[in-house]
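The structure under discussion appears below in the form of structure tokens.
Please treat every number below as a calculation from the coordinates, not as lab data. On a predicted model such as this, the values are computed, not experimentally measured, just so you know. No Cβ is skipped: glycine too gets one built from the backbone with ideal geometry, and neighbour counts run over all protein chains shown.
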């Protein structure tokens, strides 16, 4: 089997109630992850794209968060209904979904306006 062309990481981190930062999933359940898996398979990409559950990606204020490698494209505030655009535009078409893409100034920085 050839190596995967893309690895898609979907944050599944759950924080306790009252935590200072938000969670990306409720009780570890993610319809987003399920949608990405099903749509990737339906697009015939199951042997080239791996959809992975991830623990904290440290982008909690942008959650749910998805990152696609090797492209290093970070998506934030992703809803299950956005999965089709990610699969069709990015994984099939090779074009990141700009409306979901996190600004470079928000990734791995404490100066992002979304951080509390």
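The distance between label points at residue 111 and residue 5 comes to 3.7 nm (points 7 Å beyond Cα on the Cα→Cβ vector).
Expressed to the nearest 5 percent, the antiparallel share of DSSP beta bridges inside segment 6-106 is 60 percent. Against the set (i) 12.6, 34; (ii) 14.0, 45; (iii) 24.3, 88, the structure's computed Rg and Dmax of the Cα atoms in Å falls on (ii). Extending 7 Å from the Cα toward the beta-carbon at both residue 98 and residue 34 defines two label points whose distance is 3.3 nm.
Only helices enter the 222 nm calculation for the chain: every DSSP H run of n ≥ 4 contributes -39,500 (n - 2.57), and dividing by all residues gives -3000 deg cm²/dmol, rounded to 500. Here the calculated FRET efficiency for residue 46 and residue 17, from their Cβ-Cβ distance with R0 = 35 Å, stands at 0.45, rounded to the nearest 0.05.
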